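S.K.: Structure incoming, see below.
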């Protein structure tokens, strides 16, 4: 079968839309439609049911999609392996990281890496969702939770410690809580996506209420960086990573005699890429750069 036709089918199956598939493949919607129509004619089956909300796979389409997913993963794996055949690390490296860590800690520290490795091009995808590394949606990941699949290699980088913070403007208006129970009378900002591992951030809702329902948040935001901005604006109190709060020196740590939760930060990549020079180069830089945070956290433990 023609790979171009299969690519058009796969893109449409993944996105559920001819328009989105065309944008992904950088061809027109009509070209995608023609490729799929030709593939259906060649196979003698319908692959999609068309409806007002987009495309739905038929049984035959579902079966073919499972095959094209494997083909896509194999193609990405082959492309990744070819990039690592060079003597020096070069080519694209797709890295995913949580939005907050990536935007406030990682990105400001990439200048030296980019300068020292001009032939290695980072494709940094900041997202709190978990990319499938085994399907090579990304080639490596920085995550605040450990790997849960045997075919993934992980290296613990450090612990990320959390504390409660508020802005001076908020404390001037509402006062500072003296105990966890006082938080019942304060405005709480929490992480608002229950389907994300990041949901465990919501210590401010639970501290001091072990046997009671969690506090009702006054503001829920599905992005930790936005939580920081909400605290900075004086909207309320939130638990934030200490490294992130440090970027806004005016913030005040609340109830600092209570130890907040911490997350283990990992660098994770597929075992198939264990010999990747690109991944090893980025991993080693990350370990070196995060060492001051690791030492500081170890000293506080």
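Each reported figure results from applying straightforward, stated rules to the coordinates on display, with no laboratory input. Remember, it's a predicted structure, so these values are computed and weren't measured experimentally. Don't worry about glycine lacking a Cβ; one is built from the backbone with ideal geometry, like all the others, and counts go over all protein chains shown.
S.K.: P(r) tail for segment 1-155, what percent of Cα pairs lie past 28 Å?
M.R.: Details: 4299 of 11935 pairs.
Cα-Cα pairs in segment 1-155 separated by more than 28 Å: 36 percent.
S.K.: Here is a further query. Calculate how many DSSP beta bridges within segment 109-247 are antiparallel, expressed in % of all such bridges and rounded to the nearest 5. Can you show the working numbers first?
M.R.: Values: 4 of 8 bridges.
Given both bridge residues lie in segment 109-247, the antiparallel proportion sits at roughly 50 percent.
S.K.: Treating the angle as unsigned and between 0 and 90°, give the value, to the nearest 10°, between the Cα long axis of helix 29-43 and the longest Cα principal axis of the chain.
M.R.: Orientation of helix 29-43: about 60 degrees from the principal axis.
S.K.: Over segment 3-83, how many percent of alpha carbon pairs lie in each 5 Å bin up to the one with the longest distance?
M.R.: Spelled out per bin, shortest first, that is 3, 16, 26, 26, 17, 7, 4, 1, 0.
S.K.: Follow-up. For the residue pair residue 63 and residue 46, what label-to-label distance in nm results when each label sits 7 Å from Cα along the Cα-to-beta-carbon direction?
M.R.: 1.7 nm
S.K.: Here is a further query. Quick one: give the max-minus-min coordinate of the C-alpha atoms of segment 251-301 along each principal axis, largest first, in Å.
M.R.: That gives 46, 21, 19 Å along the principal axes, largest extent first.
S.K.: Also, quick follow-up: Given the options 135, 149, 277, which has the most mean-square fluctuation in a GNM of the chain, springs set between C-alpha atoms less than 10 angstrom apart?
M.R.: Answer for the Gaussian network model of the chain: 149.
S.K.: Related question: Can you tell me the orientation of helix 59-83 relative to the chain, as the angle in degrees between its alpha-carbon axis and the longest Cα principal axis, to the nearest 10?
M.R.: For 59-83 against the chain, the angle is about 70 degrees.
S.K.: How big is the gap, in Å, between the Cα center of segment 133-178 and the Cα center of segment 32-81?
M.R.: Their Cα centres are 37 Å away from one another.
S.K.: Ok, one more. Over the chain, what is the relative contact order in whole percent, taking alpha-carbon pairs under 8 Å and six or more residues apart?
M.R.: Values: 465 pairs, mean separation 61.4, N = 301.
Reported as a whole number, the value is 20 percent.
S.K.: Beyond 34 Å, what share of the Cα-Cα pairs of the chain remains, rounded to the nearest whole percent? If you can, show how the numbers build up before the last one.
M.R.: Values: 17550 of 45150 pairs.
Beyond 34 Å sits 39 percent of the P(r) for the chain.
S.K.: Treat each spin label as a single point 7 Å out from the Cα along the C-beta direction, and report the residue 3 to residue 123 distance in nm.
M.R.: According to this spin-label approximation, the distance is 1.6 nm.
S.K.: Using only the alpha carbon atoms of segment 223-290, find the Kirkwood hydrodynamic radius as the inverse mean reciprocal pair distance, in angstroms to one decimal. Intermediate values should be presented prior to the final figure.
M.R.: Details: mean 1/r = 0.0668 Å⁻¹.
For segment 223-290, the Kirkwood estimate is 15.0 Å.
S.K.: I've got another one for you. Would you please state the base-10 log of I(q)/I(0) at q = 0.12 1/Å for segment 112-265, with intensities from the Debye formula using one equal scatterer on every alpha carbon?
M.R.: -0.59
S.K.: If you restrict to DSSP beta bridges whose two residues both lie in the chain, what percentage is antiparallel, to the nearest 5?
M.R.: Details: 23 of 36 bridges.
DSSP beta bridges in the chain are roughly 65 percent antiparallel.
S.K.: Also, quick follow-up: For a footprinting-style exposure proxy, rank 243, 269, 191 by other Cβ within 10 Å, fewest first. Intermediate results must be reported in sequence, preceding the final value.
M.R.: Details: 243 19, 269 23, 191 26.
By the 10 Å Cβ count, ascending, the order reads 243, 269, 191.
S.K.: How far is helix 3-15 tilted off the main Cα axis of the chain, in degrees rounded to 10, range 0 to 90?
M.R.: Helix 3-15 sits at roughly 30 degrees to that axis.
S.K.: Right, next: Using a Gaussian network model on the chain with a 10 Å cutoff between Cα atoms, which of 129, 109, 50 fluctuates the most?
M.R.: Maximum fluctuation in the GNM of the chain, among the listed residues, is at 50.
S.K.: Using Cβ counts within 10 Å as a stand-in for footprinting exposure, how do 19, 68 rank, fewest first? Don't skip to the end; give the middle numbers.
M.R.: On the way: 19 13, 68 20.
So the residues, fewest neighbours to most, are 19, 68.
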